[in-house]
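The values are calculated or read from the model by the stated rules, or taken from the named source; none is laboratory data. All values derive from a computational prediction rather than experimental measurement. When we count neighbours, we look across all protein chains shown, and the Cβ atoms used for this are built from the backbone with ideal geometry, even at glycine. Protein only, heavy atoms only, side chains kept; ligands, DNA and RNA dropped before computing areas. Shrake-Rupley method; radii C 1.70, N 1.55, O 1.52, S 1.80 Å.
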Amino acid sequence: MAQLSNDCFAFGGEMMAVDKALALLAERVGPVAGIESVGLAEALGRVLAEDVVAPFDVPPHDNSAVDGYAVFFDDLAPDEKTVLPVTGRVAAGHALGRDGRHGEAVRIFTGAPMPAGFDTVLMQEDCQADGDPEGGQVAIPAGIKRGANRRLAGEDMRKDTTVLAAGRRLRPEDVGLLASLGRREVAVRQRLRVAVFSTGDEVREPGVPLDAGCIYDANRFALIAALRQLGCAVTDLGILPDRREAIRDALGDAAERHDALITSGGMSTGEEDHVKAAVEAQGALHFWRLAIKPGRPVALGTVKGSVFVGLPGNPVAVMVTFLRIARPILLRLMGAAEDAPALFPLRAGFTYKKKAGRREYVRATLARSADGVLTAVKHPRDGAGILSSMVEADGLVELPEDITRVEPGMAVDFLPFSEVR
């Protein structure tokens, strides 16, 4: 359960830049999820709760990178071929059982441990065996470099070095690395428990008939999917009616069993918007007026110690503010040390005007220009309610506060959706 003071999200300023908002969140929000051990098969996407230190060198011994012949480099003639007797055979998982000797070659296979003393491996394709390929003699051409095709012990990881730091969200390659260290389990943060709900008498569950003036609940399902993709344990609270007592009771009950509560819409001050009063009856609520488009004020607060995040109601605005504001909050609650998502410089393929002092996110697709340069092309429809534009876009062009106009060919920063999965 999040133990945050009621005023941890308080902010007394006017319009706030996105970077300042993210800096404040980094100061005021910390990990709340507990720690548990899971098997490697269950570790993908989880947040590492411990530094992982290599208990031994990886690989643990010098080994061959190719199929061929292991030799002493000093036994090779520098300007002509060298003929050596083949006196042994070493396969992966099987040691020779003795040190190498000057004046001999040993047949060796990829991954096999190098006998002590041998320092160079010749590829079998470059050599000419005479007689039995696992005995007889082998002719070795001149020109090989000392240490060729030899993998050194510890080349991948050195003993006693930290190879994975706490706070990392584990990827497939991280899980493989843990396995290479002989780990069967790993300490991770428990999944963050997040409850999601919608409010509004006009909102309907998908699949039921729509009455006049009603809409299907797209935002809730998009948020649930985004949260599960982030690795959260999600509870769907469904659609709550526009009644203050019902919303208050549902929030209070969920807060006792979850680390965070998230909703979209219903945060205005009209007489039918009851979420604000329901939150304040059991905690505190603060509106952050972000200088961002698309987006509106984001409500941040606490309900009985659980973090509350109220996002805008328009589908595109809710997704943009989730990615840039809610997602960093949730990652910090999860104990993740993940940095801000990477932005990639691209060439703009569109013209666009914007207000100074506001950060804007333009939906864009990627295309190759006539000269082969990757270019960001603005989606033709940019309304905050056009959810299909997010489906058809590859990501967002992020335009900082000081830019007022974009011209074709100008360098812009691009945030691929793949960076915020």
Only residues that are in a loop (DSSP other than H, G, I, E, B), farther than 27 Å from THR404 by Cβ and either open to solvent by less than 10 Å² (accessible area, probe 1.4 Å) or modelled with pLDDT of 85 or more (or both): list them for region 265-312, please. ALA281, GLN282, LYS304, GLY305
Filter result (small (Gly, Ala, Ser) and touching a His at 6+ places or on another chain (Cβ under 8 Å)) within region 74-114: ALA112
Can you name every residue in region 158-168 that is surrounded by 12 or more Cβ atoms within 10 Å (Cβ to Cβ) and touching a Leu at 6+ places or on another chain (Cβ under 8 Å)? VAL163, LEU164, ALA166, GLY167, ARG168
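For region 101-185, give me every one of the strands (runs of 3 or more DSSP E) that falls completely inside it and has 1 or more residues that are of a type in the set (A, V, I, L, M) and either within 20 Å of GLU42 (Cβ to Cβ) or in contact with a Pro (Cβ under 9 Å, 6 or more places away or on another chain) (or both). Give the derivation first.
Working: elements: 105-108, 120-123, 128-130, 137-140, 162-164.
Per the criteria, 105-108, 120-123, 137-140, 162-164.
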Which ones in region 348-362 are open to solvent by 30 Å² or more (accessible area, probe 1.4 Å) and under 21 Å from ALA291 (Cα atoms)? TYR352, LYS353, LYS355, ALA356, GLY357, ARG358
All positions within region 194-207 that are surrounded by fewer than 21 Cβ atoms within 10 Å (Cβ to Cβ), in contact with a Cys (Cβ under 9 Å, 6 or more places away or on another chain) and at pLDDT 90 or above: ARG204
Single match in GLY283, GLY252, GLY305 (criterion: small (Gly, Ala, Ser) and in contact with a strand residue (DSSP E or B) (Cβ under 6 Å, 6 or more places away or on another chain)): GLY283
Which residues, taken from region 403-420, are part of a strand (DSSP E or B), touching a Leu at 6+ places or on another chain (Cβ under 9 Å) and open to solvent by 40 Å² or more (accessible area, probe 1.4 Å)? ALA411, ASP413
State whether one or more residues within region 45-58 are among the aromatic types (Phe, Trp, Tyr), open to solvent by 60 Å² or more (accessible area, probe 1.4 Å) and not in a helix (DSSP H, G or I). yes
Among the residues of region 314-330, is any assigned to a strand (DSSP E or B), over 30 Å from ALA166 (Cα atoms) and either open to solvent by less than 10 Å² (accessible area, probe 1.4 Å) or in contact with a strand residue (DSSP E or B) (Cβ under 6 Å, 6 or more places away or on another chain) (or both)? no
For region 122-144, enumerate the residues that are open to solvent by less than 60 Å² (accessible area, probe 1.4 Å) and over 15 Å from PRO85 (Cα atoms). ALA142, ILE144
Among the residues of region 222-248 satisfying the criterion of being open to solvent by less than 40 Å² (accessible area, probe 1.4 Å), within 30 Å of the chain's Cα centre (by Cα) and among the β-branched types (Val, Ile, Thr), which is farthest from ARG421 (Cα to Cα)? VAL234
How many residues, within region 284-315, are closer than 21 Å to LEU399 by Cβ and either touching a Lys or Arg at 6+ places or on another chain (Cβ under 6 Å) or not hydrophobic (A, V, I, L, M, F, W, C) (or both)? 11
Contact list please: Cβ distance under 8 Å, first residue in region 88-101 and over 21 Å from GLN137 (Cα atoms), second residue among the aromatic types (Phe, Trp, Tyr) and outside any strand (DSSP E or B), pairs at least six apart or on different chains. ALA92/PHE109
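Which one of VAL203, VAL208, VAL188 is in contact (Cβ under 8 Å) with a residue 60 or more places away in the chain and of a type in the set (Val, Ile, Thr)? Lay out the reasoning, then the answer.
Working: VAL203 fails: in contact (Cβ under 8 Å) with a residue 60 or more places away in the chain; VAL208 fails: in contact (Cβ under 8 Å) with a residue 60 or more places away in the chain.
Among VAL203, VAL208, VAL188, only VAL188 is in contact (Cβ under 8 Å) with a residue 60 or more places away in the chain and of a type in the set (Val, Ile, Thr).
Listed here are the residues, each with its yes/no results for (1) open to solvent by less than 60 Å² (accessible area, probe 1.4 Å); (2) closer than 27 Å to TYR216 by Cα; (3) not in a loop (DSSP other than H, G, I, E, B); (4) not aliphatic (A, V, I, L, M).
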{"residue": "ALA364", "(1), (2), (3), (4)": "yes, yes, yes, no"}
{"residue": "THR375", "(1), (2), (3), (4)": "yes, no, yes, yes"}
{"residue": "GLY385", "(1), (2), (3), (4)": "yes, yes, no, yes"}
{"residue": "MET390", "(1), (2), (3), (4)": "yes, yes, yes, no"}
{"residue": "GLU401", "(1), (2), (3), (4)": "yes, no, no, yes"}
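Looking at GLY147, GLY176, which is the one that is open to solvent by less than 80 Å² (accessible area, probe 1.4 Å), without any contact (Cβ under 8 Å) to a residue 12 or more places away in the chain, of a type outside the set (Ser, Thr, Tyr) and farther than 30 Å from PHE322 by Cβ? If you could, list the steps in order and put the result at the bottom.
Values: GLY147 fails: without any contact (Cβ under 8 Å) to a residue 12 or more places away in the chain.
Just one listed residue meets the conditions, GLY176.
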Given the structure, is ALA116 open to solvent by 20 Å² or more (accessible area, probe 1.4 Å) and over 30 Å from GLY30 (Cβ atoms)? yes
